[in-house]
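Read the structure below first, then the notes.
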Amino acid sequence: YNLIMNTKLYLISDGDAYESSAVSFVEAAGGESAVIALLLHSPEVERLLGFYGPPLEEAGAKQILPIGPDAFGNLDKEAFMAALDAATGVMVGGGDTEIYWRLYTLDLVGADLRSRFRAGMVYGGLSAGADIATQICAVAPEDTEDGAGMIKQGLNLLPGCLTISHFEPEKNLPFTVEAMQISGVSRAWGLGEATTAVFEDGRLTETIGPP
């Protein structure tokens, strides 16, 4: 598949991985001059900032722009576009993958994320944010609200693959193989506990966390 040049992508499994990869992520986004757009799934952005903010701030980020939906689940697209235009890095949080998928992969929002990424904005995705980043977004039936599972087009920042965060082979392997067969992708990235996978120009270049 076509590699996307001058791109850097962090697929982050969980909270422990988020803390251990924050320094590398902020550095890649510009260090002290980094502007981080923080994309969330809930209107309670101030409360969530209490979790997401400190690791980024301790890593040197001076500007964090939190974005979330309103109480009705709708995204202020103008505020989103403005934050993304200013951002050198975007961090997409964890939580309900189906909500993140609806808010951030579709229409102009997804197109804007893709174009900014391809122009050099660093992307970090924690759990749900990692799952929506690849070509296919796959969520196991037990992790979806209706129990039906989800296999849909993701942001396609990393073509030809899908991501399963919180990966445990015994639990997740059968669904992972099924999702690959249904979607036709040839590769899956299973992110184990406390693990971050770092991709540059579409290639895995580093893992942060346990071997």
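The values are calculated or read from the model by the stated rules, or taken from the named source; none is laboratory data. Note that the structure is predicted; figures quoted are calculated from it, not measured. When we count neighbours, we look across all protein chains shown, and the Cβ atoms used for this are built from the backbone with ideal geometry, even at glycine. Surface areas here come from the heavy atoms of the whole protein model, side chains and all, with no ligands, DNA or RNA. Shrake-Rupley method; radii C 1.70, N 1.55, O 1.52, S 1.80 Å.
Quick notes on this structure:
- Hey, Glu46 modelled with pLDDT under 95 and either open to solvent by less than 30 Å² (accessible area, probe 1.4 Å) or not small (Gly, Ala, Ser) (or both) or not: yes
- Filter result for Arg102 (more than 10 Å from the chain's Cα centre (by Cα) and under 20 Å from Val198 (Cβ atoms)): no
- From the list Ala133, Ala119, the lone residue that is open to solvent by 10 Å² or more (accessible area, probe 1.4 Å), of a type outside the set (Lys, Arg) and either closer than 16 Å to Ala28 by Cα or within 10 Å of the chain's Cα centre (by Cα) (or both) is Ala119.
- Number of residues in the range 62-92 that are in contact with a Phe, Trp or Tyr (Cβ under 9 Å, 6 or more places away or on another chain) and under 18 Å from Tyr18 (Cα atoms) equals 6.
- Cβ-Cβ under 6 Å pairs, at least 6 apart or on other chains, the range 137-149 side assigned to a strand (DSSP E or B), far side not basic (Lys, Arg): Cys137/Trp101; Cys137/Asp131; Cys137/Gly154; Ala138/Ile151; Ala138/Leu162; Ala138/Ala179; Val139/Thr97; Val139/Met150
- Residue pairs whose Cβ atoms lie under 7 Å apart, sitting 6 or more positions apart in sequence or on different chains, and linking a residue in the range 14-30 that is closer than 24 Å to Glu168 by Cα and of a type in the set (Gly, Ala, Ser) to a partner that is assigned to a loop (DSSP other than H, G, I, E, B) and modelled with pLDDT of 95 or more, are Ala17/Ala194; Ala17/Thr195; Ser20/Ala194; Ala22/Ala59.
- The residues on offer are Gly160, Gly190, and the sole one that is under 17 Å from the mean Cα position of the chain (by Cα) and within 14 Å of Ser13 (Cβ to Cβ) is Gly190.
- Test set (1) open to solvent by 10 Å² or more (accessible area, probe 1.4 Å); (2) within 21 Å of Ser115 (Cα to Cα); (3) modelled with pLDDT of 95 or more - Gln63 fails condition number: (2)
- A single member of Asp96, Asp85, Asp112, Asp107 is under 15 Å from the mean Cα position of the chain (by Cα) and open to solvent by 40 Å² or more (accessible area, probe 1.4 Å), and it is Asp96.
- Those residues of the range 166-207 which are open to solvent by 40 Å² or more (accessible area, probe 1.4 Å), in a helix (DSSP H, G or I) and in contact with a strand residue (DSSP E or B) (Cβ under 7 Å, 6 or more places away or on another chain), in sequence order: Met180, Ile182
Okay, residues lined up against (1) open to solvent by 10 Å² or more (accessible area, probe 1.4 Å); (2) over 13 Å from the mean Cα position of the chain (by Cα):
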site: Asn6; (1), (2): yes, yes
site: Leu11; (1), (2): no, no
site: Glu19; (1), (2): yes, yes
site: Phe25; (1), (2): no, no
site: Ala29; (1), (2): no, yes
site: Glu32; (1), (2): yes, yes
site: Val35; (1), (2): yes, yes
site: Leu39; (1), (2): no, no
site: Ser42; (1), (2): yes, yes
